1. Tally Lys and Arg at +1 and Asp and Glu at -1 over the other residues with C-beta under 14 Å from the C-beta of B:I308: what net charge comes out?
2. When the chain is fully extended, how far beyond the present Cα-Cα distance does A:V371 get from A:D383, taking 0.36 nm per residue of separation?
3. Indicate, rounded to the nearest 5 percent, the antiparallel portion of the DSSP beta bridges found entirely in the protein assembly as shown.
4. Just to compare against my own numbers: the Cα pair-distance distribution for chain A, 20 Å bins, whole % per bin, please.
5. Work through the residues other than C:I255 whose Cβ is under 12 Å from its Cβ and net out their charges, Lys, Arg +1 and Asp, Glu -1.
6. Give the long-range amide H neighbours of A:L220: residues separated by 5 or more places, or on another chain, with amide H under 5 Å away, using H modelled in the peptide plane at 1.01 Å from N.
7. Along each principal axis of its Cα atoms, how long is region C:240-346 end to end? Whole angstroms, biggest number first, please.
8. Go ahead and run the numbers for FRET between A:E191 and A:A258, Cβ-Cβ distance against an R0 of 45 Å, rounding to 0.05.
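Taken together, the values in this text are just the output of simple stated rules run on the coordinates, not laboratory data. Everything numeric in this text was worked out from a predicted model, so none of it was measured. A quick note on method: Cβ atoms are made from the backbone with ideal geometry, for glycine too, and the neighbour counts reach across all protein chains shown.
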Amino acid sequence: MSEAEASRPILALKGVSKSFGAVRALRDVSLELFGGEAHALAGENGAGKSTLVKTLAGVHRPDGGEILLDGEPVVFDGPAAAQAAGVAVIYQEPTLFPDLSVAENIFMGRQPRTGLRRIDRKAMRARTAALFQRLGVGLDPGQPARGLSIADQQLVEIAKALSRDARVLVMDEPTAALSGNEVARLFGVVEALREQGRAVLFISHRLDEIFELCQRVTTLRDGVRIAGEPVAGLTHEDLIRRMVGRDLGALYPGRQTAPGEVALKVERLTREGVFTDVSFEVRRGEIAALAGLVGAGRSEVARAVFGIDRFDAGKVTVNGARLPAASPTAAMAAGLALVPEDRRQQGLVMEMSIERNIGLTGLSSLRRGPVISRAAERARATDWALRLQLKFARLGDGVGVLSGGNQQKVVLAKWLATNPSVLIVDEPTRGIDVGTKAEVHRLLSELAGQGIAVLMISSDLPEVLGMADRVLVMHEGRLTAEIPRAAATEESVMAAATGRAA
Amino acid sequence: MAPDPIPAAPVPASAVNRGGAGRFLRWDVLVTALLIAVFLGGASTSTGFASVDNLSFALGDLGEIALIALAMTLLVVAAEVDLSVASVLGLSSALVGALWDAGMAIETIIPLVVVVGMVCGLVNGLLVTRLGLPSLAVTIGTLALYRGLAYVVLGDRAVAQFPPGYVSLAVDNVPGTPIPYPVALFALLAVVTGVVLHATGAGRALFAIGAQEEAAFFAGIRVKRVKLVLFVLSGTVAAFAGVIYTLRYGSARADNGLGIELAVIAAVLLGGVDFDGGKGTLGGVIAGVLLIGLLRNLLMLNDVATEIQSIVTGLLLIVSVLTPRLAALVRRRRRAPAV
Amino acid sequence: MSGPGVAAEAATPAARGAAGSVAAILRARELSLVAALVVLIGVTTAVNGNFLSAQGVTDILLNTSILLLLAVGQSAVVITRNIDLSVGSVVGLVAFAVGDFYAAGGGLVPGLLLGVAVGAGCGLVNGLLVSFLRVPALVVTLGTLYVIQGVDHYIAHGRQINAVDLPPSLLHLGNGAVLGVPYLPLIAVLVMFAFGHYLRSYPSGREFYAIGSSPEAARLAGVPVRRRVLTAYLISGSLAGVGGLLWLARFGTVIADSANGWELTVVSAVVVGGVAITGGVGSVYGAALGALLLTTIGGALVVLRVNPFWEQAITGALLLLAISVDRVLALRVARLLRRRNVRHGS
């Protein structure tokens, strides 16, 4: 589609900037969304995509630049304002009301009314049912949102956005938790919307989806717009180069592996309704990746292994010693470390300083008599900050002032300081800049080289393929494939992850 | 799951404080300054305020609140709260009265009552940690339950005439000083609490739990056990405070200490402990306790009605929580366009 | 899938089952309250037949009315995941202040308006502090509880309002009846149905639930969170004001600390009635049943000659029981839903 055809963008960003403390999430970014066009937003984790989405949604107000609606500058002073302007957003993480019914979730704030301005429950139910039919979803409109799987929650979010009948539909990784069929149906709906002249902004980590669905792509890297161009004529490699800014080879260190004895052994691990009968081993000196769709149960396995959640059946052995269920303390004592998925909630105490965060995993080893030795605490932090090349002003600063990448380094430092023999990293490079990403990869390689067993959970397929010696794939709570490095390709992993494997 | 460099939610006041707060003006320093101002103001306006006798009396009058505030500080730092403390105090007082009335020896009564306090705390703690209930709801329930049990035990009777030796322990000063025994005990426990909170691993764990419970759990801290211990501690201290209260007033009643949870929480929050947990200093709390004590004493010396004292305490409570939030709001407003 | 017999294969029946079980639990709460009431009344009547006499029933209804009003207001607040501990002191303040106003020769209607206005004013202060200044609800309302109580005592100064000072029509409202039904419970029940209907059937009413269920999602959905929370406190404060007026009308003789400590009973009634203290769940009808149950227990204790001092302990124990049962049920439902969650190829 040429610019001439769609004369004026429905919604546009012009020179938008947004900072959070020290982090400059968006710098002078422009973007134009035309009616009848599906526009992809590409970029690595932490490139600023989600910030851009939240700016369009009225959640964030830009520090600089402006938002244009039909060519006129507008100010979205809240989500309500953006919605009133015809922007519907599907967030990466579902935001549902667990206590309310699915139908109420979809129509909150815009319920169909009867003559007396009361809620017309019948109409609400019928419209929800119609939406679900259009999406091919088998959910009951009257059922509460509590307890829905992530995929179902995401489908409710999609139905919510569609019900708004918006002129602009923004979708932040809507497919991350969906199976092949569900994705196909969603794409059908998006095509139909496009034909009706709506504008679509689409974000996905799966490049294939961008090429299949979109006509135009804008690429962000470290908060800066790198390119905005038609999809036609681009190759996967072109797009990756724009996203990454360098050759992939530089991002993933090559290394020699010589796996040693088994360090972590998981046998028939089951947590009812979450994952079933999961068995695998990780050897010293190797990196095993755990791949799969969002919601497949990967993080849940890691949590159960480390003792965050209780497992119902099965056995976890670290260096030959069996771990008790549900005791992170015992897991740590056995030499296990877990760098969790959610850095800000689980990895760090955001209000605490760098040194105290690093010290938190070793409170007993920092003791001199009954009290903590501040000197020992500082020494531990200094040592690891240097080793990981942490960029900081003072170790006494709160971790909140660090960039995402440096925060992740603090989490790594905190766990490496416990001298683990098995390191589980869950989405280790989510939300961090390209430079730090490469550093983290190099570090993981080095650790494996030093004989640590690394289990890496990642949704980033290139990362899985670039780093792993073996790829374990989960699908709907079960381990469905174990693929050696040589046989691991994007196709083979995705096939197992979406349940298409034999 | 949040790849965003900053949470979508409005930045909490705590996050806004980061970095700047330390250099700017520390709340506990502010409260200490206020304390000094009140003291000087009181000394210059009320004759007899600054006398050793009066201050000694003011301190003694504060003993129970001060003791309970120590345990409450630990709880609030860990982002929990115990509203049942005044009721445990009342139950303890009622038990002391009933058992004494029944002819039991005071040497048996005191340990027994303290054990009952431990059990009260244990009930709170188990409901919070085992069932995962909010401590606010649980302790509102036990506030009613324990006070109700106090009435069941003693009805609306009052029991008096406790052995003078024990009464004098609650009332008299440490020989050669103007410091009442309970205050001396408080001073001792305050030092211990201060060391635990600010210099030990347990203290670090408390701050971590209060600031980000999930991260603390992921770091291998036994969150539930720590919280359980805190609730037991709080019940125990409150029961012991009940014994002191009973002896000090020489009267055991079921409604003893009614409502002092307010003064305790006001002192803790006034001392700069964040009600959402994870922040605060024991020094601040001590300043907060003293400030409330001096204010009450001043009001009393000036014959201000007790109802005004209640208004003042209530207002102090609100102001102590409101001020840091207002300051954070103002700071954020001012900073936002500058970036 | 290893769930028990209820586990279903296809998505839709499983979903139906889950929806059904949750609805069943909600209904079960109201049913179990009714059952508890029936048993309580049955046992008490068996011991003492006077309990169900016309006078006995009237007493219970009268005693329930004010608590019920407060419980309705409290429900609105608790559903938004907040709490209002100041209601008891508002009742006391309004009862005394308006009584004082009448004693000084004030007119009937201005007095009524004054009472509601004072209540609404207290609610406004609470609401502004909680919603716009983001001070924790517990701290705010604990603080205002004592401030309002102090103001009440300050105004009263040890005095007492007597029935002779009050307009006769007000006293008639408090003790009269229409067709044998006293006015007080009529007013309370009317208010209950009005708010019950509002919360259930109007979009803005549903937003109270949305806020309590997930404040963040409510914000993203464009719900005016602050305004609704403020409204909840205004409702609670105003109804406490009405409660104060009815208190005055019913008892005639009022000293400063009427309804002292009632905040605990109100919160207990609401929570026993199935409104989750963590917000988003419950109805004013349940809260009303909770209020009725607590009052009936109080009445039964008297009739059964149990030491009346047990009443407060029982209130506390019931509150603990209610939140514990809710929690255990919620955990079980969560586990059930989790078991059904693993999807089998779509």
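1. Working: positive: B:R296; negative: B:D303, B:E307, C:D152.
Counting the neighbours of B:I308, the net charge comes to -2.
2. Working: separation 12, 0.36 × 12 = 4.32 nm, distance 2.12 nm.
Stretched fully, the A:V371-A:D383 segment lengthens by 2.2 nm.
3. Details: 52 of 88 bridges.
Percentage antiparallel, nearest 5: 60.
4. Answer for chain A: a P(r) of 21, 53, 24, 1 percent.
5. Details: positive: C:R159; negative: C:D100, C:D152, C:D257.
Local net charge: -2.
6. A:A42, A:G43, A:I226
7. Its Cα atoms span 72, 33, 18 Å along the three principal axes.
8. Working: r = 50 Å, r/R0 = 1.12.
Using R0 = 45 Å, I get an efficiency of 0.35.
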